2 protein chains.
Amino acid sequence: MARSSSGESVLERVVRILEAFTPEERALTVGEIARRAGLPLATGSRMVADLVEQGLLTRDADRRVRVGMRLWELASRASPTLSLRELAMPVLEDLLRTVGHHAQLGVLDGGEVLFVERLSTEHAVINYTRIAARLPLHASSSGLVLLAHAAPQLQQRVLDAPLARFTPATITDPDDLRRRLAHVRRHGYVLCPGHLHPDATGIAVPVRDEAGAVVAAVSVIVPNDEQARGYVATLTAAARRIEKLLAH
Amino acid sequence: MARSSSGESVLERVVRILEAFTPEERALTVGEIARRAGLPLATGSRMVADLVEQGLLTRDADRRVRVGMRLWELASRASPTLSLRELAMPVLEDLLRTVGHHAQLGVLDGGEVLFVERLSTEHAVINYTRIAARLPLHASSSGLVLLAHAAPQLQQRVLDAPLARFTPATITDPDDLRRRLAHVRRHGYVLCPGHLHPDATGIAVPVRDEAGAVVAAVSVIVPNDEQARGYVATLTAAARRIEKLLAH
């Protein structure tokens, strides 16, 4: 693929332009985009124009630029993971009605949990997850489930790296983490009271494909004072329902 | 942006590569991708490798290529439309519980309706919509609502073009279409019994932003024999709820 004088591919620059947009700043000027993407204004301006022409970005009447729906369409219509999400939706809805607060579906992507769905009630407990947001593997219930069943190399990489602390309850000791991963594999669930936020407990279980490989984690977030362990059976039943839908 | 000898931008080729994947064919070989994108194998192969490197495509153990989650993440996290979809989710869920069958949220994109959400029950009536699928404006209830409030140029363009027939009930006469659009603007809803499939009725109403601009259509699909008109009030109430959430 065409490379600039710095040896960088056009695609790397496109990704950096798309990364300039955040949930908090959804509309940017071309100048802001170029600066955030580390591109000369003329280059940024030309690339934004091309992205707008393809519908991957859109330009408002006020000249500000946003992410276009064409990008989402191309990303969504043939994605195996989003097909899993669509299958899982009725199950996640039932789970939300039973447990309240938040019901989530997460997958392993680039060494983190990527949340492909999060359903919430209006007065739910605090939760750091958003749809299309990421969390570190060691600090979230979904992450621990996915890490427990990940390739040994990824497990080693996480165990060797510093484990960031979010609350006093976050697992930051590699030996604790190793034990917890073994517990997940043996018992098929994980409970994380206050690991990411002091007031919230995450509970997660694995979802497997027909070959037995773990393809996602289904989880709920509830306030710490609720009987979290009582939800494990509900979550496990939800995972079995998703697996059945996946097998058809 | 860099152009090939044919004067085509790299981005045009990237879009053609992504378009090669369909809901029916989610995994392709590099050869299949190159052929569908109309690219020489060496070019296609180099571009796929670059897309895999950026996480926008993924390559399986069997060397087949799929759409990667990174693309969806970049498309989703800062999209104004997907933020609307997230806000609307609890309302769509209530709508599905009340009406049954299908509840949908569609936006205008590239002269068509693009469905950003579709919730369904297990034994729902037939429906051509999928998430991330498109329908023509003149033939679907969501499309008629969006077209009724679209720019005059787009309305003229649709009225001037041939109107494809899907069933005997599809609106294919420009004068009929013009009258129907006026009806939508006056009454705030549209009923389409059998327009797209003989057995199904679509009912849609507009969703407006704080400035009064129509930003989406919320719709339900029910069997023809149901009292479709009775659902108009339910749908209108759902649109008002979404608008309130949007205003906050």
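For the reader, a short list of remarks on this structure follows.
Residue-by-condition table, conditions (1) at the interface with chain B (Cβ under 8 Å from one of its Cβ atoms); (2) within 28 Å of B:T81 (Cβ to Cβ):
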site	(1), (2)
A:R64	no, yes
A:L74	yes, yes
A:S83	yes, yes
A:Y128	no, yes
A:L159	no, no
A:P162	no, no
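Yes or no, residue by residue, for (1) farther than 19 Å from A:I242 by Cβ; (2) among the β-branched types (V, I, T); (3) surrounded by fewer than 18 Cβ atoms within 10 Å (Cβ to Cβ):
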{"residue": "A:M69", "(1), (2), (3)": "yes, no, no"}
{"residue": "A:E73", "(1), (2), (3)": "yes, no, no"}
{"residue": "A:L82", "(1), (2), (3)": "no, no, no"}
{"residue": "A:R85", "(1), (2), (3)": "no, no, no"}
{"residue": "A:M89", "(1), (2), (3)": "no, no, no"}
{"residue": "A:L96", "(1), (2), (3)": "no, no, no"}
{"residue": "A:I126", "(1), (2), (3)": "yes, yes, yes"}
{"residue": "A:R130", "(1), (2), (3)": "yes, no, yes"}
{"residue": "A:P136", "(1), (2), (3)": "yes, no, no"}
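- Residue selected from the stretch A:22-52 under the condition without any contact (Cβ under 8 Å) to a residue 24 or more places away in the chain and within 8 Å of chain B (Cβ to nearest Cβ), by the criterion nearest to B:A78 (Cα to Cα): A:T22
- Some residue of the stretch B:172-188 being within 21 Å of B:T81 (Cβ to Cβ) and open to solvent by 50 Å² or more (accessible area, probe 1.4 Å): no
- Criterion applied to B:V207, B:V215, B:V222 was being in contact (Cβ under 8 Å) with a residue 60 or more places away in the chain, in a strand (DSSP E or B), crowded, with 18+ Cβ neighbours inside 10 Å and touching a Pro at 6+ places or on another chain (Cβ under 9 Å), and the one residue passing it is B:V215.
- Residue in the stretch A:98-113 that is within 7 Å of another protein chain (Cβ to nearest Cβ) and over 18 Å from the mean Cα position of the chain (by Cα) present: no
- Residue within the stretch A:225-239 that is closer than 17 Å to A:L108 by Cα and out of contact with any Lys or Arg (no Cβ under 7 Å at 6 or more places or on another chain) present: yes
- The residue of the stretch B:4-21 that is modelled with the lowest pLDDT, among those that are at the interface with chain A (Cβ under 8 Å from one of its Cβ atoms) and not in a loop (DSSP other than H, G, I, E, B), is B:S9.
- Cβ-Cβ contacts under 9 Å between residues 6 or more apart (or on different chains), taken from a first residue in the stretch A:232-244 that is on the phi < 0 side of the Ramachandran plot to a second residue that is polar (S, T, N, Q), are listed as A:T234/A:T98; A:L235/A:S219; A:A238/A:T98.
The values are calculated or read from the model by the stated rules, or taken from the named source; none is laboratory data. Because the structure is predicted, anything quoted here is derived from the model rather than measured. Ideal geometry is used to build each Cβ from the backbone, glycine not excepted, and the neighbour counts take in all protein chains shown. Protein only, heavy atoms only, side chains kept; ligands, DNA and RNA dropped before computing areas. Shrake-Rupley method; radii C 1.70, N 1.55, O 1.52, S 1.80 Å.
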